[in-house]
Amino acid sequence: ISSGRLSLKTYLKDALPVACGTGKAKITIDMLLRHRSGLPAHRPYFKSLSLPVPGMAAGKRLRQMVLAEPLEYEPGSKEVYSDLGFILLAWVVEYMSGVRLDAVVNDRIFAPLKIYDLFFNPLCADWTRPVMNKASFVFAATSHCTWRGKMIVGEVEDENAWAAGGVEGHAGLFGTAVGVHHLCCEVLQALENKESKVINASVIRSFVDKNNGMMRPAGFDSPSEDTPSSGRFFSKRSIGHLGFTGTSFWIDPDNGLITVLLTNRVHPSRENIDIRKFRPRIHDLIASIYQCNIQE
């Protein structure tokens, strides 16, 4: 978007020609980013893909299955959080850049910021990986996956992303709290209209604009009205994101506050949902300590 090759109003069929004739002509990039595309929340495509070899062939088939998925509602009419939309967005990025998603993210975001502890971890031996000493990282275990028949450590938790080779638009990033915080600082800089090495201030402002009745910013989450996971003290202008495995970040431009929470709440089982109670409590505690330090 910063380069002018597309905009939030660009139709999917114009950004990804293979989408023509699939019944998704009315879907825009903005609808995909705000989860208003008409696509369902999730589909277990991995069950139709062969084990035990994840990779590029399976990833292509998965994306074709997403593209062929019938819409559940009229695009733009409501919001349904959808992994499928971000799988299509990754496809758009790869089509327009000519390289794989992890290479784009590393070359255009992580490398310029010298963030070496945020990365995708491809499962295919012949795929290029970012320069890093993997032995220096300790990976927290996530859940025991009955489909893969093992406890997941150092591999993407999401089965669809795993089948696609570990690199997808909706899942697959690994990192540390320090790395996530570094990237969040760049976002906050841009939101404050300060210079950022990788984020265009006008573009990020268009992403967080919630005019026309939009409840969710493009590509991010915002505090809910009833029981926000961000707690009681983050402003309504805050943006963030929650990860299924128990991860999250929140950025409050009104107060200059960033919080990063990385847990493995799915270990050893995804049935543990106590994180829903924990998130607002820890965020309230952090925000109150932050305010006390400012007042001092």
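Quick notes on this structure:
- For the chain, the membrane-span-like helices by this rule, meaning whole DSSP H stretches whose C-alpha atoms cover at least 24 Å of axis and whose Kyte-Doolittle mean is -1.0 or above, are 275-295; this says nothing about an actual membrane.
- Net +/- balance of residues flanking L183 in space, Cβ distance below 12 Å, scoring K and R +1, D and E -1: 0
- The chain, relative contact order [Cα under 8 Å, separation at least 6], %: 15
- Ordering of 140-147, 161-168, 25-32 by packing [mean C-beta count within 10 Å, highest first]: 161-168, 25-32, 140-147
- Two-decimal log10 I(q)/I(0) for segment 177-296, as the Debye equation yields it once each C-alpha is a single scatterer, q = 0.18, 0.19, 0.21 Å⁻¹: -1.00, -1.09, -1.27
- Ratio of the Cα radius of gyration of segment 12-97 to 2.2 N^0.38 Å, where N counts its residues: 1.06
- Other-chain or far-sequence residues with amide H under 5 Å of T10's (modelled H): I29, D30
- Candidate cross-link partners of K60 among the lysines, defined by an alpha-carbon separation under 17 Å and a same-chain spacing of 8 or more, comprise K47.
- Mean residue ellipticity (222 nm) of the chain, computed from DSSP H runs ≥ 4 via -39,500 (n - 2.57), nearest 500: -9000 deg cm²/dmol
- Net charge of the neighbourhood of G246, taken over other residues with C-beta under 11 Å away and scored Lys/Arg +1, Asp/Glu -1, is +2.
- Karplus (6.51, -1.76, 1.60) ³J(HN,Hα), θ = phi - 60°, over segment 167-172, in Hz, Gly and Pro reported as x: 10, 8, x, 9, 6, x
- Ordered from longest to shortest, the equivalent ellipsoid semi-axes for segment 61-126 are 28, 15, 11 Å, each the square root of 5 times a Cα gyration tensor eigenvalue.
- Placing +1 on the Cβ of every Lys and Arg and -1 on the Cβ of every Asp and Glu, with nothing else charged, gives the chain a dipole about its Cα centre of roughly 420 debye.
- Distance from the C-alpha centroid of segment 252-296 to that of segment 1-62: 32 Å, rounded to the whole angstrom.
- Considering only Cα atoms, the convex hull volume of the chain works out to 145 Å³ per residue.
- Straight-distance candidates among the lysines for linking to K9, with alpha-carbon spacing under 23 Å and chain neighbours fewer than 8 residues away dropped: K24, K26, K78, K210.
A short reminder: the numbers here are calculations on the coordinates, not readings from a lab. Keep in mind that this is a model prediction, so the values were computed, not measured. Because the Cβ atoms are built from the backbone with ideal geometry, glycine has one as well, and the counts that use them run over all protein chains shown.
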